[in-house]
Amino acid sequence: MNKPGVLQVLLIEDELSIAKNIAGYMEQKGHIFDFANNGKQGLALALQQYYDLIILDLNLPGMDGLQVCQQIRQQADRHIPLLMLTARDSIDAKVSGFTVGTDDYLTKPFSLQELEVRCLALCRRHLLQQQHTITLGPLELDKQRRIAKRDGQLLALNTMGYNILLLLAEAYPQVLSRSELSHKLWGDEPTESDALRSHIYQLRAVLDKPFAYPLLKTVFGVGFTLEIPAQ
């Protein structure tokens, strides 16, 4: 990325009014945009230039968004975070998008504020996945050694506690719902309804209780997130 929080974005969108709305809002926030109004032009730019993120419309003339995404994944020399826009909100459409390699999905009509938040989170997640170490304030996770420290002290986490903490750190600052956490931890395998609550309790006992303030926050009715103090 150019500066922290500033994205170099390729927008592939054939509806001019939508493209202007997105670019107008995002450029006011300091982000830098290139444009393509059809799939072939978008694919060429994606392969020629460096972008932090691609925003790709599904319904494009000539070469649709699914084909563009598939070609980018096959031909690009790195993984470029990709957010797909669509008027289709069916499960089949979303599954098709994820199958060819999109990273996230936003259904029209959408909030421009949500679009920016998703773009920033997507790029941040991509950077975290490339790094071996995640540092969030007093918290440090070493993904190679699968250890975590707080204020330099090694945390005696069990495997499930470490996995939960890693998921929350990679999602930060977003909230992970209970269902998202359960799916990422256990997939589609059924688990006891209290299993996640028990693991969260054990994680808190190691991560927070010995220290001056908690990092693990419950967002009631939603899920869990990390609350990292400002430095």
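The values are calculated or read from the model by the stated rules, or taken from the named source; none is laboratory data. All values reported here derive from a predicted model rather than from experimental measurement. Note that each Cβ is placed from the backbone with ideal geometry, even for glycine, and that neighbours are counted across all protein chains shown. Surface accessibility is based on the protein's heavy atoms, side chains included, excluding ligands, DNA and RNA. Shrake-Rupley method; radii C 1.70, N 1.55, O 1.52, S 1.80 Å.
How many nm separate the modelled label positions at GLU227 and ASN59, each set 7 Å beyond the Cα in the direction of the Cβ?
4.4 nm
For TRP186 paired with LEU167, estimate the spin-label separation in nm (one decimal), with each label point 7 Å from Cα along the Cα-to-Cβ line.
That separation, rounded to one decimal, is 1.0 nm.
Ignoring ligands, DNA and RNA, what accessible area per residue does the chain give at 1.4 Å, in Å²?
I get 54 Å² per residue for this part.
Let me know the Rg and Dmax you get for region 142-204 when you use only its Cα atoms, in Å.
My reading of the Cα-based Rg and Dmax gives 12.1, 37 Å.
Probe 1.4 Å, all protein chains in place: accessible area of ARG125 in Å², nearest 10?
Its heavy atoms expose roughly 70 Å² to the probe.
Could I have the simple spin-label model distance between HIS79 and TYR201, label points 7 Å from Cα toward Cβ, reported in nm to one decimal?
3.6 nm
With +1 on each Lys and Arg Cβ and -1 on each Asp and Glu Cβ, how big is the dipole of the chain about its Cα centre, in debye rounded to the nearest 20? Before the final figure, lay out each step's value.
Working: 23 positive and 26 negative charges, 137 e Å.
The calculated dipole for the chain is roughly 660 debye.
Rounded to the nearest 20 Debye, what is the dipole magnitude of region 26-155 about its Cα centre when Lys and Arg each give +1 and Asp and Glu each give -1 at the C-beta? Walk me through the intermediate numbers first.
Numbers: 15 positive and 15 negative charges, 91 e Å.
Rounded to the nearest 20 debye, it is 440 debye.
Say R0 is 41 Å: what FRET efficiency, to the nearest 0.05, do ASN158 and SER90 get from their beta-carbon distance? Show your work: numbers first, answer last.
Numbers: r = 40 Å, r/R0 = 0.98.
Result of the calculation: an efficiency of 0.55.
With every protein chain present, what accessible area does SER96 have (1.4 Å probe, heavy atoms only), rounded to the nearest 10 Å²?
50 Å²
Shape verdict for region 34-135, please, from the Cα gyration tensor: rounded (a/c under 1.5), prolate (a/b greater than b/c) or oblate.
Details: a/c = 1.60, a/b = 1.19, b/c = 1.34.
The shape class here is oblate.
On a full-extension model of 0.36 nm per residue, what is the gain between GLN48 and SER111, subtracting their alpha-carbon distance, rounded to one decimal in nm? Present the calculation step by step, with values, prior to reporting the outcome.
Numbers: separation 63, 0.36 × 63 = 22.68 nm, distance 2.99 nm.
Here the answer is 19.7 nm.
What share of all Cα pairs of region 77-231, in percent, falls into each consecutive 5 Å distance bin?
Result, from short to long distances: 1, 8, 16, 18, 20, 15, 12, 7, 3, 1 percent.
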